[in-house]
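The values are calculated or read from the model by the stated rules, or taken from the named source; none is laboratory data. A quick note: this is a predicted structure, and the numbers were derived from the prediction, not measured. Ideal geometry is used to build each Cβ from the backbone, glycine not excepted, and the neighbour counts take in all protein chains shown. The area values use the complete protein model at the heavy-atom level, side chains included, leaving out ligands, DNA and RNA. Shrake-Rupley method; radii C 1.70, N 1.55, O 1.52, S 1.80 Å.
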Amino acid sequence: MGLLTFKGGIHPDDGKKLSKDKPIVEAKPGKELVYPLSQHIGAPANPIVEIGARVLRGEKIAEAGGFVSAPIYSSVSGTVKAIAPHFTSTGAKVNSIIIENDEQYEEAKWREVIPLEQMKKEEILNCIAEAGIVGMGGAGFPTRVKLSPKEPEKIEYIIANCAECEPYITADYRRMLETPEKLVGGMQVVLQLFENAKGIFGIEDNKPDCIEKLKELTKDEPRMEVKVLQTKYPQGAERQLIYATTKRAINSSMLPADAGCIVDNVETLIAIYEAVISGKPLYERVVTVSGDAVKEPGNFLAPCGMSQMELIEMAGGFEGVPEKVISGGPMMGFAMFSTEVPVTKTSSAILGFSKDEVKKHEPSACINCGRCVDACPSRIVPSRLADFAERHDEESFLKWEGLECVECGSCSYVCPAKRHLKQAIGSMRKIALANKKK
């Protein structure tokens, strides 16, 4: 029987050897931490602390600004220094709470732990919401909202995204290797919410050690199964992962719940376990610091709010001046203009590269080779869609299914003409989606 996968995709050099064998190290932040009030999709959180107030580690400093929002917790004890706009890794200036670290790490008591079997569904959901948990693979969608579909009885699969298909990132790999019990425990919590659902751990075959650990931990769990996937990018994209593990297809007009599925990232499920089982809100996460410009690549348990430059320094700093620094993975992440920005709930990786491979190639005319079509996991025609985008032809863009693009960048990667296909299509998608909402 062949490995589970999808049509299309690519096999870039994964670069994971730089950090995959580096155990998670606890990062100690400096004197100043910055907590952006928008670390998630939806309404920004509202500050509930005043300048000059002393806060404890694990204390709520901002409450959710609505149903689609999430609270924020301090990752240190210290004094609120300011509430002011601050740059984030995306280049946006976001209203933020700035805390001066007293380096005491005095803990606040968050909530009394109740045995899982004694908790009602609404109590579990409220706990997840109150802990500030969002999708930690990069999307940042509030997890309580994702776990509250209109028809929960129709959810048949809870899929743990263990693929980690982005090159260089090894944070989830180390989590699965070092604390797989928490991952399985998080799945047990979510399965409590959906009586008709089965838990699936979708993991690529380049992680045999993690596959072995998860199979051992779930061998006596009748509602859980480990499914081994072909190592290919973008195997961890939501639509591709759902298709590979369940053979169910979704499109841009559907949610995974419409196909009876809910997908959660490894780090998200571990955060669910820590909130519900251990009584700990979300205020830290594992971040990979890697790339050929980083002296000592590694994986770090980083407090939210910590400066990303401090994390880079923990990895030995840069070898010279990197030409490009990326937040997230090289395929779907984004270039950073500064490293003096905070770690947030969605910060999976910081990558430093000595050469900007994209910058050194000048795009030329399309040669109609069709490689972008072969690579596209959404089975659309990237070269044609990019033409429409460059001409601002929204009508043709929509007619040729431009909204089905998942912006994985596979097309740009394989293009011999070095056209910026993903960027052009992504820009037009944003315009088209905004116009649909009007």
For the stretch 114-131, what does the Karplus curve 6.51 cos²θ - 1.76 cosθ + 1.60, with θ = phi - 60°, yield as ³J(HN,Hα) per residue in whole Hz, taken in order and with x for Gly and Pro?
-> 10, x, 3, 5, 9, 8, 7, 4, 5, 5, 5, 4, 5, 5, 5, 5, 5, 6
May I ask you to order 160-172, 82-94 by the average number of other C-beta atoms within 10 Å around their residues, highest value first?
-> 160-172, 82-94
Using only helices, what value at 222 nm comes out for the chain when you add -39,500 (n - 2.57) per DSSP H run of length 4 or more and divide by the total residues, to the nearest 500 deg cm²/dmol?
-> -7500 deg cm²/dmol
Of all chymotrypsin sites (Phe, Trp or Tyr not before Pro) in the stretch 331-438, the ones in DSSP coil with at most 14 other Cβ atoms within 10 Å are PHE337
By average Cβ neighbour count within 10 Å, what is the ranking of 56-68, 295-307, 426-438 from highest down?
-> 295-307, 56-68, 426-438
Straight-line reach check, LYS22, cutoff 19 Å on alpha carbons, 8 or more apart in-chain or any other chain, hits among lysines -> LYS207, LYS213, LYS295
Carbon + sulfur, % of accessible area of the stretch 17-113 - ligands and nucleic acids excluded, 1.4 Å | 53 percent
If you place +1 on the Cβ of every Lys and Arg and -1 on the Cβ of every Asp and Glu, how big does the dipole about the Cα centre of the stretch 338-387 come out, in debye to the nearest 20?
-> 140 debye
FRET efficiency for ASP356 and ASP102, using Cβ-Cβ distance with R0 set to 41 Å, rounded to 0.05 = 0.55
Phi angles of the stretch 61-71, converted by Karplus (6.51 cos²θ - 1.76 cosθ + 1.60, θ = phi - 60°) into ³J(HN,Hα) in whole Hz with x for Gly and Pro, give 10, 8, 9, 4, x, x, 5, 8, 5, 7, x
For the modelled label position 7 Å from the Cα of ILE51 along Cα-to-Cβ, which residues of the stretch 84-128 have backbone nitrogen atoms closer than 18 Å?
-> 84-87, 94-101
Global geometry of the stretch 94-243, whether rounded, prolate or oblate, following the gyration tensor of its Cα atoms and the 1.5 cut on a/c | oblate
Send over a whole-number figure in Å² for the accessible area per residue of the chain, probe 1.4 Å.
-> 44 Å²
Put MET187, MET309 in order of accessible area, largest first, probe 1.4 Å, and you get MET309, MET187
Given the pairs LYS120/LYS436; LYS17/LYS81; LYS28/LYS146; LYS28/LYS324; LYS93/LYS422; LYS109/LYS154, which are separated by over 29 angstrom at their Cα positions?
-> LYS120/LYS436; LYS17/LYS81; LYS28/LYS146; LYS109/LYS154
Name every cysteine in the chain that ends up alone, with no second cysteine's Cβ under 4.7 Å, or say none.
-> CYS127, CYS162, CYS165, CYS210, CYS261, CYS304, CYS366, CYS369, CYS376, CYS405, CYS408, CYS415
The stretch 1-144, Rg to Rh (Cα coordinates; Rh as Kirkwood inverse mean 1/r) | 1.06
